[in-house]
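What follows is a single structure, written as structure tokens, with notes after it.
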Amino acid sequence: GAVVSQHPSRVICKSGTSVKIECRSLDFQATTMFWYRQFPKKSLMLMATSNEGSKATYEQGVEKDKFLINHASLTLSTLTVTSAHPEDSSFYICSAFKISDSAYEQYFGPGTRLTVT
Amino acid sequence: AQSVTQPDIHITVSEGASLELRCNYSYGATPYLFWYVQSPGQGLQLLLKYFSGDTLVQGIKGFEAEFKRSQSSFNLRKPSVHWSDAAEYFCAVGVIKAAGNKLTFGGGTRVLVKP
């Protein structure tokens with residue numbers, strides 16, 4: 001299989017602090033990972049594409065200085081929400097891209113619920 | 001740019017009844033199409049995908065979908081719904097079979113299953 005984990009699953013932080021979310025591909029290497037944000041009862045919004053060893057590519061309207069992405073290895077990407085505010089509260093989901101002869105798809109993590117008080 | 005529309009925000013079905021979820025996409029060439037399911041508070045699980053070949057695609061959990069190019073549709077079906085199928089369903093389109101492929105998601109359809 002292809003398993004993607006996220007840590008933590010839930011986090012509550014105070015306004016003004018920073019929070020780091022980890023996304024790991026457990027049994028495969030992923031040169032590309034994606035970070036999504038999902039608002040309640042809404043669809044997934046792509047925030048950025050994380051490429052191992054290079055800078056992330058952010059979607060229009062996403063503040064790169066606020067949402068720092070680091071893809072330091074083939075199995076780990078991190079999203080850091082800097083100086084978090086209540087409007088950053090959301091469900092953050094990562095995915096990792098796996099390509100093989102029989103597979104070509106994104107595998108999604110279980111998500112991280114961020115609440116900023 | 002590609003787009004995906006799921007016209008139905010909510011669908012309620014009785015357990016044992018059939019289910020069809022609609023998905024329409026907009027893209028100039030042959031798209032790569034996906035259906036995902038999301039249980040409350042969870043990530044997404046792939047139900048099935050279409051890249052090429054047979055336009056009727058079988059997936060997990062008894063789901064199938066049919067790609068109709070003339071209608072730009074990729075509707076998801078299940079002959080007999082189980083209570084555990086209550087979830088949010090997302091249709092998605094990708095346009096490049098490469099590591100940089102980005103998925104565009106539809107707005108989702110929430111399925112409620114009545115006993």
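Details
- What the Cβ-Cβ distance of B:GLN71 and A:SER5 gives, at R0 = 35 Å and to the nearest 0.05, is a FRET efficiency of 0.35.
- Cα-only Debye scattering, region A:14-79: base-10 log of I(q)/I(0) at q = 0.17, 0.27, 0.28 Å⁻¹: -0.63, -1.22, -1.25
- Set of lysines near B:LYS49 by C-alpha distance (under 29 Å), chain-local residues within fewer than 8 positions excluded: A:LYS41, A:LYS42, A:LYS98, B:LYS61, B:LYS68, B:LYS78, B:LYS97, B:LYS102, B:LYS114
- The apolar share of the surface of region B:24-76, taken as the fraction of accessible area on carbon and sulfur atoms (1.4 Å probe, ligands and nucleic acids excluded), comes to 44 percent.
- Here each label is just a point 7 Å from Cα along the line to Cβ, and for B:SER3 and A:SER54 those points are 3.0 nm apart.
- Buried solvent-accessible surface, both chains (A, B), 1.4 Å probe, Å² to nearest 100: 1700
- Simple point charges give the picture: +1 on the Cβ of Lys and Arg, -1 on the Cβ of Asp and Glu, and for chain A a dipole about the Cα centre of about 380 debye.
- Each Cα pair under 8 Å and six or more residues apart adds its separation to the average, and for chain B the resulting relative contact order is 37 percent.
- The share of accessible area on region A:1-46 that comes from carbon and sulfur is 53 percent, using a 1.4 angstrom probe.
- Under the Karplus curve 6.51 cos²θ - 1.76 cosθ + 1.60, θ = phi - 60°, whole-Hz ³J(HN,Hα) for region B:24-29, x wherever Gly or Pro sits: 10, 10, 10, 6, x, 10
- Remark: relative contact order (chain A) = 36 percent; criterion is Cα-Cα distance under 8 angstrom and separation of 6 or more residues.
- FRET E, pair A:MET45, A:SER73, Förster distance 35 Å, beta-carbon r, rounded to 0.05: 0.85
- Student exercise, the protein assembly as shown dipole from Lys, Arg, Asp, Glu Cβ charges, in Debye to nearest 20: 280
- Centre separation in Å (Cα based) which lies between region A:14-57 and region B:55-87: 28
- Here the spin labels are modelled as points 7 Å beyond Cα on the Cα-Cβ line, and at A:LYS14 and B:HIS10 they lie 4.0 nm apart.
- Cα Rg over Rh - chain A, Kirkwood: 0.96
- Among B:GLY62, B:CYS23, B:GLN38 the positive-end extreme of the charge dipole of region B:15-90 (Cβ point charges): B:CYS23
- Å² of accessible area per residue within chain B, as computed with a 1.4 Å probe and no ligands counted: 47
- Nearest-0.05 FRET efficiency for A:GLU63 and B:LYS61, computed from C-beta distance (R0 41 Å): 0.60
The values are calculated or read from the model by the stated rules, or taken from the named source; none is laboratory data. Treat the numbers as computed from the prediction; the structure is a model and nothing was measured. Note: ideal-geometry Cβ built from the backbone for every residue, glycine included; neighbour counts use all protein chains shown. Side chains included, ligands, DNA and RNA excluded: accessible areas come from the protein's heavy atoms. Shrake-Rupley method; radii C 1.70, N 1.55, O 1.52, S 1.80 Å.
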